[in-house]
Amino acid sequence: MSRKRAVNSINALSNLLSRYYGKKIIILLDEYDTPMQEAWLSGYWDEASSFFRSFFNATFKTNPYMQRGLITG
């Protein structure tokens, strides 16, 4: 899967769910910190933090199909 497709995957799913149910969706993201901690410990922090920055932006910040979002760690 390309990076662009992965970054935009939740946004695309949000679009489909919103269109199907006719209302904005709620996104719950649990344990987001686990892959970031693993990236830090395993030496690929720069790549992971860049990906998650783009992923969180597309999923939460610029997602017009989302009503509410909750991130827990």
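Which pairs do you get when a residue that is more than 20 Å from Ile71 (Cα to Cα), found in the stretch 15-43, comes within reach of a residue that is loosely packed, with under 13 Cβ neighbours inside 10 Å, reach meaning Cβ atoms under 8 angstrom, with the pair 6+ apart or on two chains?
Lys23/Gln67
Output the residues belonging to the stretch 36-49 that are under 20 Å from Lys4 (Cβ atoms) and surrounded by 12 or more Cβ atoms within 10 Å (Cβ to Cβ).
Those that are under 20 Å from Lys4 (Cβ atoms) and surrounded by 12 or more Cβ atoms within 10 Å (Cβ to Cβ): Ala39, Tyr44, Ala48, Ser49.
Determine whether the stretch 65-73 contains at least one residue that is part of a strand (DSSP E or B), modelled with pLDDT under 95 and surrounded by 11 or more Cβ atoms within 10 Å (Cβ to Cβ).
Within the stretch 65-73 (the criterion being part of a strand (DSSP E or B), modelled with pLDDT under 95 and surrounded by 11 or more Cβ atoms within 10 Å (Cβ to Cβ)), the answer is yes, since at least one residue qualifies.
Does the stretch 5-35 hold any residues that are assigned to a helix (DSSP H, G or I), exposed (fewer than 15 other Cβ atoms within 10 Å of the Cβ) and within 12 Å of the chain's Cα centre (by Cα), and which are they?
Arg5, Ala6, Ser9, Ala12, Leu13
The values are calculated or read from the model by the stated rules, or taken from the named source; none is laboratory data. Since this is a predicted model, take the numbers as computed values, not measurements. Methodologically, a virtual Cβ is constructed for each residue, glycine included, from the backbone with ideal geometry; neighbour enumeration extends over all protein chains shown.
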